[in-house]
Amino acid sequence: MRLSSRFISVLAAPLLLAGAAGAYASNHSQAAPTMVSMASGHLLVNAKGMTLYVFAADSKNKSVCSGQCAKFWPPVLVPKGATPSKSMTGIVGAFGEIMRADGTDQLTFDGAPLYTFLEDKKAGDLNGQGLIASGGYWWAVVVTGAAAPAASSPTPAAKSGY
């Protein structure tokens with residue numbers, strides 16, 4: 001996979017396994033140590049609370065989702081004249097932007113272009129998680145929370161004229 005190891009897929013199976021392993025360990029006094037546990041993480045969403053996704057077919061700082069793909073997986077665009085903050089308090093990783101083939105700027109996280117999904121209708125929906133579409137897998141972005149340099153948010157700010 002070309003994406004950063006900071007991306008953790010959001011799947012129900014690990015949660016079910018963690019619960020089952022904990023139940024097994026509590027019922028058996030000499031059980032082996034728990035083999036699965038939950039890591040703390042945070043789902044990345046846009047300003048409207050819609051889940052953000054990465055596309056496994058993309059490479060670092062390069063989107064291959066255009067045309068029909070971009071209709072179903074709209075890229076998270078940075079408004080003209082704005083620059084995203086590089087970091088966000090409590091999130092390990094860096095935000096940035098890339099120029100798409102159509103000349104628009106797309107938001108990235110650790111170099112991975114970010115998208116929403118047309119079939120997510122309300123905040124918190126994860127309908128695109130793990131789908132195979134447009135030639136690759138789509139994954140919701142979950143980031144680990146840790147002490148990061150203080151910054152505002154990845155919300156675009158006005159570009160300075162330097």
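The values are calculated or read from the model by the stated rules, or taken from the named source; none is laboratory data. A quick note: this is a predicted structure, and the numbers were derived from the prediction, not measured. Neighbour counts run over all protein chains shown; Cβ positions are idealised from the backbone, glycine included.
Pairs meeting the criteria (first residue in the stretch 97-116 and over 21 Å from Leu131 (Cβ atoms), second residue part of a strand (DSSP E or B) and among the basic types (Lys, Arg), beta carbons under 8 Å, at least 6 apart or on different chains) are Ile98/Lys62. Taking the stretch 70-86 as the range and being in contact with a Phe, Trp or Tyr (Cβ under 7 Å, 6 or more places away or on another chain) and over 15 Å from Leu118 (Cα atoms) as the test, the residues that pass are Pro84, Ser85, Lys86.
For the stretch 58-73, a residue qualifies if it is loosely packed, with under 15 Cβ neighbours inside 10 Å and either among the hydrophobic types (A, V, I, L, M, F, W, C) or within 13 Å of Gly128 (Cβ to Cβ) (or both), and exactly one does: Val64. Residues that are modelled with pLDDT under 95 and among the polar types (S, T, N, Q) are absent from the stretch 99-109.
If only residues of the stretch 134-143 that are modelled with pLDDT of 95 or more and hydrophobic (A, V, I, L, M, F, W, C) are counted, the one that is farthest from Phe95 (Cα to Cα) is Trp138. For the stretch 74-89, the tally of residues that are buried (at least 18 other Cβ atoms within 10 Å of the Cβ), β-branched (Val, Ile, Thr) and not in a loop (DSSP other than H, G, I, E, B) stands at 1.
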